[in-house]
Amino acid sequence: MSARTPIASDIMSTRLAAIAPDAGVRLAAEFMLKRKVSALLVLDSKKRLLGIVSEGDLVHRAELGTRKKGSWWLNILLTDRELARQYARAHGRRVSDVMTRNCVVAAPATPAATLAEMMEKHKVKRIPIVDEGRVIGVVSRADIVAAFVRSAGDKVAVHAADDAAAAADIRRRIAREPWIGSTMVSVAVLKGVASISGIVSSIAQRDAARAIAEETDGIRRADMRALRVDPKAIALTHSLPLV
């Protein structure tokens with residue numbers, strides 16, 4: 001049986017790199033350098049999340065001459081509030097002036113796959129994990145990569161299924177995928193080696209079929225040498241049973 005899918009509480013870091021909202025911007029930058037992190041959580045005294053200050057928030061500063069000024073026509077489209085916010089971010093001395101306020105957060109039971117999707121969708125590198133209003137941890141992209149390494153290692157220890165069951169599992173999983181198209185594919189398993197033969201219409205289909213075989217319990221290796229890629233293969237509208 002496959003290991004349980006990891007959730008946020010399994011992979012999060014509980015050693016929080018945090019700072020108070022009224023702390024100085026320079027102190028925040030020094031803290032990031034010292035801790036070798038690219039962002040700090042901004043928390044109140046009860047560990048409630050107020051925002052995140054990252055390296056990106058400190059790039060456009062007046063001291064560096066890197067403040068975003070924008071074109072005149074773009075500036076006239078911005079509200080007074082937005083212009084004031086830009087000025088505070090470039091000139092403000094407090095963390096609360098420069099921090100990003102609308103943060104993406106997740107619950108402790110959020111699956112790792114969902115966290116990865118959230119990072120990609122919102123273009124963020126880390127997600128604070130919040131329980132009953134308090135931050136209890138952070139999941140970064142590095143944490144998800146580490147979870148992958150652990151799960152890949154666990155795969156080796158999975159109890160091997162018998163060859164017939166493994167072959168049936170591979171056929172069933174390939175057949176239900178929308179990308180299979182052409183069904184001229186055969187699957188056989190001998191001593192944990194899956195031999196997949198037939199014809200597919202693209203290298204991507206071949207790679208996807210191999211991925212299915214390699215992640216199936218009881219499979220040590222996938223032999224794809226007999227699976228031919230023919231771009232002229234006609235994808236069938238209705239899948240036929242795999243053999």
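FYI, it's all coordinate maths here, none of it is from the lab. In this text, all values refer to a predicted model and were calculated from it rather than measured experimentally. Backbone-built Cβ (ideal geometry, glycine too); neighbour counts: all protein chains shown.
Brief remarks on what is shown
- Full-stretch length increase - LYS34, ALA208 - with 0.36 nm per residue and alpha-carbon distance subtracted: 58.3 nm
- Taking a Cβ cut-off of under 15 Å around ARG176, the surrounding Lys, Arg, Asp and Glu residues balance to a net charge of 0, with basic ones at +1 and acidic ones at -1.
- Within-12-Å neighbourhood charge of SER38 [Cβ basis; K, R +1; D, E -1]: +3
- Sites THR5 and ALA88 - FRET efficiency at Förster radius 51 Å, r taken between beta-carbons, to 0.05: 0.75
- Listed pairs LYS36/LYS121; LYS36/LYS125; LYS36/LYS123; LYS47/LYS125 exceeding 23 Å between Cα atoms: LYS36/LYS121
- Length gained on full extension, MET118 to ALA175: 17.6 nm, using 0.36 nm per residue less the C-alpha separation.
- Additional length obtainable on full extension of the chain from ASP217 to THR100, 0.36 nm per residue less Cα span: 37.7 nm
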